[in-house]
Amino acid sequence: MIKTKKKNEMLQILKEVAPWKKVGKLDARLRKAAEAVIEALPENLQKAARKAEINVLLTSDAAVQRMNHDFRGKKKPTNVLSFPQYTKREIVKESKARGPLFVGDIALAYQYVAAEAKREDKILLDHVAHLVIHGVLHLFGYDHLTEASAKKMEKLERKIMLSLCLPDPYAAPVVKTGKKKKASKKTR
């Protein structure tokens with residue numbers, strides 16, 4: 001496992017499986033994505049966010065599936081999981097103390113994320129940046145549990161992606177279906 005964290009940076013990136021280690025420029029892209037989230041947060045959260053520390057675990061489908069089962073009761077992998085330590089109100093209150101504030105963990109499943117990017121014809125680095133943006137927003141109290149909160153979060157994600165000159169993650173994907181099947185005898 002490779003741990004990378006530069007002095008005074010909010011992200012500690014843990015690359016647990018080999019495929020993540022082969023993705024070039026990944027650490028820099030994730031750090032820029034997290035910094036862009038901070039800049040897009042409302043003023044009352046920005047000060048707290050500047051003191052934030054976040055762990056990003058880049059791992060396998062199997063590991064994320066176990067976490068998804070253990071913490072959410074879902075027996076399947078997913079692309080990204082977030083584990084916030086505080087509510088928005090608690091973050092603001094806790095940030096008044098001295099020193100850094102650990103706000104939570106994010107985990108991404110390589111196989112799931114890579115397959116999703118390929119299927120939706122997205123560049124892997126762009127897709128991972130979006131998922132980290134999504135995860136960091138969860139750590140700062142955003143969610144998509146209701147239609148209204150989902151629209152608010154999606155609008156903010158789009159704004160952050162645009163600020164990074166990255167494509168709209170919610171634009172209709174070009175879904176690749178694979179090889180065309182031959183027509184069966186019944187349909188000829």
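Listed by first and then second residue, the pairs linking a residue in the range 144-157 that is in contact (Cβ under 8 Å) with a residue 40 or more places away in the chain to a residue that is crowded, with 16+ Cβ neighbours inside 10 Å and assigned to a helix (DSSP H, G or I), with Cβ atoms under 9 Å apart and 6 or more places separating them unless they lie on different chains, are Leu156/Val37; Leu156/Ala40; Leu156/Ile133; Leu156/Leu137. Report yes if Tyr112 is more than 16 Å from the chain's Cα centre (by Cα) and either of a type in the set (Phe, Trp, Tyr) or closer than 26 Å to Lys15 by Cβ (or both), otherwise no. It is false that Tyr112 is more than 16 Å from the chain's Cα centre (by Cα) and either of a type in the set (Phe, Trp, Tyr) or closer than 26 Å to Lys15 by Cβ (or both).
The set of residues from the range 107-128 being surrounded by fewer than 17 Cβ atoms within 10 Å (Cβ to Cβ) and β-branched (Val, Ile, Thr) comprises just one member, Ile123. Against the list (1) surrounded by fewer than 19 Cβ atoms within 10 Å (Cβ to Cβ); (2) within 18 Å of the chain's Cα centre (by Cα), the condition Lys74 fails is (2).
Just one of the numbered conditions (1) modelled with pLDDT of 95 or more; (2) surrounded by fewer than 19 Cβ atoms within 10 Å (Cβ to Cβ); (3) on the phi > 0 side of the Ramachandran plot is not true of Gly104: (2).
The values are calculated or read from the model by the stated rules, or taken from the named source; none is laboratory data. On a predicted model such as this, the values are computed, not experimentally measured, just so you know. Cβ: placed from backbone, ideal geometry, glycine included. Neighbour counts: every protein chain shown.
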